[in-house]
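Every number here is computed from the coordinates shown, using simple stated rules; none is lab data. Just so we're clear, the structure is a prediction, and the values are computed from it rather than from any experiment. Here Cβ is always computed from backbone atoms with ideal geometry, including for glycine, and neighbour counts include all displayed protein chains.
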2 protein chains.
Amino acid sequence: MRTICSEDHRLHFPQAELHAGQFVTPFERPSRVEYILARLRERGLNDIAAPDPVAMAPIRALCRPDYLAFLEHAWDEWKRAGCAGEIIPASFPARRMNADRAPTNIDGKVGFYALAAETAITAGTWAAALSSAAVAQTAQRIVAGGARAAFALCRPPGHHATADMFGGYCFINNAALAAEAFRADGVARVAVLDIDFHHGNGTQDIFYRRGDVFFASIHGAPEHAFPYYLGYSDETGEGPGEGANLNLPLPPGAGYGPWAEALDAALARIRAFGAEALVVSLGVDAYKDDPISFFTLDSPDFLDAGRRIGRLGLPTLFCMEGGYAIEAIGVNAVNVLEGFLDA
Amino acid sequence: MRTICSEDHRLHFPQAELHAGQFVTPFERPSRVEYILARLRERGLNDIAAPDPVAMAPIRALCRPDYLAFLEHAWDEWKRAGCAGEIIPASFPARRMNADRAPTNIDGKVGFYALAAETAITAGTWAAALSSAAVAQTAQRIVAGGARAAFALCRPPGHHATADMFGGYCFINNAALAAEAFRADGVARVAVLDIDFHHGNGTQDIFYRRGDVFFASIHGAPEHAFPYYLGYSDETGEGPGEGANLNLPLPPGAGYGPWAEALDAALARIRAFGAEALVVSLGVDAYKDDPISFFTLDSPDFLDAGRRIGRLGLPTLFCMEGGYAIEAIGVNAVNVLEGFLDA
Ligand SMILES: [Zn+2]
Ligand SMILES: [Zn+2]
């Protein structure tokens, strides 16, 4: 399985993440990629390549133009406004406020396009986000070209990003971009399986009214886990998308037993949907030692999960998402890939 | 004019305000009250008293019960969850997310009940917010009892707080509480005039569908100024409240000329509405040297503004709101009161 990875992910490394009322070094940091690359090499998965140049047209089709303009120019506007720190939202269109009119002021704009405040934008964020999208695009083409699978080692991740909001460490939704690329390639029915600990609210939001892309997510129940305000099991899609959204929230402390049951339920629904290509939002923060999550999967469980996904027999693109137990992230992520190859 | 002030405002003094991507000492700080008290004494306005005990029933009638329970218990829950810092929201129900289901997790709850992230909750915030409400209640009773006016030296301020959200340094909407008290006392028509630099989004939200309480606000245009997502001139009220909401946004750099015109327009509408009592949300951050605002009023302008308000001839309760040019806050706030008394 070929891995696509860009050095440019390093351009995004905020000094600060707002966490529990303090600034901490971001859990989502460049060394995550290093651990995954090291483990790939350790396991002989040495086919690692840089991405092709980013294709902007599909990104423009996925995201709102004003949001992309914001992402591209936010840093300059922030600095021009004399703001000393990195870009962190402090205001947002709360309940019964106006979410249709973007402010002119950069502080107001930041909040308008944010879904959370833990994720800072830095000078290099836009370039890094584009490189991550390019990684997903390049890896998708490998699968579209006939490979059984490819691994998009995306960073920053993407599954929390909507067409018009950043947050949860995400800026552009790489998995959604890849799913749309399969559709554009003529694949009639695509599934996105999100096994990251956190609900893939961005991917759900993007495809919620779509009947051609099935979305399934196994995640910490929203009453207890970020992103908190989406991911309930009664969110099943709308309009033409009714029935094409499957949320499988699990309670604090859930181990591999219920997790694997949820995975099997998701895989059965993907099969029943008739998906012809699969995008896996591959987060490994379901791991027992993850510092910001509450499932209790162990490393061998990821191998088993990979096997189950592999048995679907679909052309599969793995898109890296979360995972913050950094020393274990390589083993856990590569275990999913090895399980898949072993299926 | 009697001033009501509680020492308990000091119980709320967060270490940190999230501002321009960094933590700074909050602009809204206890010394603001000291400067106002000193100026009152300097000008011979020595009738300063402590509030009566807080009356909870009117607060429970104004705010959502789950919001009050959150405010009361947030600090304990936050500390029990092991959070190191003060309470600062990092997630929030963004666009197309679920704003009807409050999470169980305290981090998710904080974001659910927040409208901005600059305002930290500390161990003493609940007690301070109640003391501020008590100040407004006590001062309102003085006016209801026949006094021409009274000054509620509220801190924390209130006009950004809705029935279910805190933010913008506000927790309980003191001005709205006072307006409701006038109504409960049998005053048929009450007006709230908000001259704080920032739009009184909380007060607007509370009375938006009410025909018995007129709300007028002169403020920095929302495209350019916090709270950004409310305060446009086309927000005129809904249902029975249609026509009873008047927003007068002004652009960056606006001086006393256009400001006084807006004030006269607001006063004319309040007169036409037939208000029998007036609550003034008295912020003085329209001042030229205010560090987080962009109007250019000078200190004598506040004297003139007070005179114009006084000429309405209504029983008037002044509720202290913002003002962050701290050395000037005493002169500016007391100028409004002296202008009023001089009218
Ligand atoms: Zn995650
Ligand atoms: Zn203000």
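Rounded, prolate or oblate: which one fits segment B:92-201, using the alpha carbon gyration tensor with axes a ≥ b ≥ c (rounded when a/c is under 1.5, else prolate when a/b beats b/c, else oblate)? The shape class here is prolate. Angle between the Cα long axis of helix A:31-42 and the longest principal axis of chain A, 0 to 90 degrees, nearest 10? Between helix and principal axis, roughly 20 degrees. Looking at chain B, the DSSP beta bridges with both ends there are about 15 percent antiparallel.
Could you identify which residue out of A:ALA260, A:ALA221, A:ALA188 has the top mean-square fluctuation in a GNM of chain A using Cα springs shorter than 10 Å? Result for chain A, Cα springs under 10 Å: A:ALA188 fluctuates most. Converting the Cα gyration tensor eigenvalues of the protein assembly as shown into ellipsoid dimensions via √(5λ) gives semi-axes, longest first, of 53, 23, 22 Å. The long axis of helix B:174-184 is offset from the longest Cα principal axis of chain B by roughly 70 degrees.
The C-alpha atoms of segment B:195-243 occupy a region whose extents along the principal axes are 30, 17, 13 Å, arranged from largest to smallest. Above 16 Å lies some portion of the pair distances; for segment B:279-343, what is it as a whole percent of all C-alpha pairs? More than 16 Å apart: 38 percent of the Cα pairs in segment B:279-343. Taking Cα atoms, how many degrees apart are the long axis of helix A:326-342 and the longest axis of chain A, rounded to 10 and kept between 0 and 90? Helix A:326-342 and the main axis of chain A meet at about 40 degrees.
Ascending distances from the B:GLU42 label point to its copies in the other chains, with the point 7 Å along the Cα-to-beta-carbon line: 6.8 nm. Within chain B, the longest run free of exposed loop sites, counting GluC sites (Glu not before Pro) that sit outside DSSP helix and strand states (H, G, I, E, B) and have at most 13 other Cβ atoms within 10 Å, spans B:1-237. Relative contact order, whole percent, for segment B:168-234 stands at 30, derived from Cα pairs under 8 Å and 6 or more residues apart.
Summary of the geometry: segment A:1-68 and segment A:99-163, compared by the centres of their Cα atoms, lie 9 Å apart.
The Cα-based radius of gyration of segment A:214-301, divided by its Kirkwood radius, gives an Rg/Rh of 0.97. Shortest first, B:THR25 label-point distances to identical copies amount to 3.0 nm, with the label point at 7 Å from Cα along Cα→Cβ.
If you average the sequence gap of Cα pairs under 8 Å that are 6 or more apart and divide by the length of chain A, what percent do you get for the contact order?
18 percent
Distances between equivalent label points of A:ARG183 across the copies, with each point positioned 7 Å along Cα→Cβ, amount to 4.7 nm, shortest listed first. With neighbour counts taken as other beta-carbon atoms within 10 Å, the residues A:VAL192, A:VAL110, B:VAL187, A:VAL24 rank, fewest first, as A:VAL24, B:VAL187, A:VAL110, A:VAL192.
The fewest-to-most ranking of A:THR236, A:THR125 by surrounding Cβ atoms within 10 Å reads A:THR236, A:THR125. The dipole here belongs to segment A:218-331: it is taken about the Cα centre, uses +1 on the Cβ of Lys and Arg and -1 on the Cβ of Asp and Glu, and is about 380 debye. For B:PHE215, the amide hydrogen comes within under 5 Å of the amide hydrogens of B:VAL192, B:ASN245, B:LEU246, counting only partners 5 or more places away or on other chains and with H modelled in the peptide plane. Taking the DSSP beta bridges with both ends in segment A:1-160, the antiparallel portion is around 45 percent. Helix content alone sets the calculated 222 nm mean residue ellipticity of chain A: runs of n ≥ 4 DSSP H residues at -39500 (n - 2.57) each, divided across all residues, give -11500 deg cm²/dmol. In segment A:228-343, taking the dipole from charged Cβ atoms about the Cα centre, the farthest positive-side position among A:PRO251, A:PHE273, A:TYR232 is held by A:PHE273.
Could you check what % of the DSSP bridge pairs in the protein assembly as shown are antiparallel, to the nearest 5?
15 percent
The relative contact order of segment B:120-176, computed from alpha carbon pairs under 8 Å that lie at least 6 residues apart in sequence, is 31 percent.
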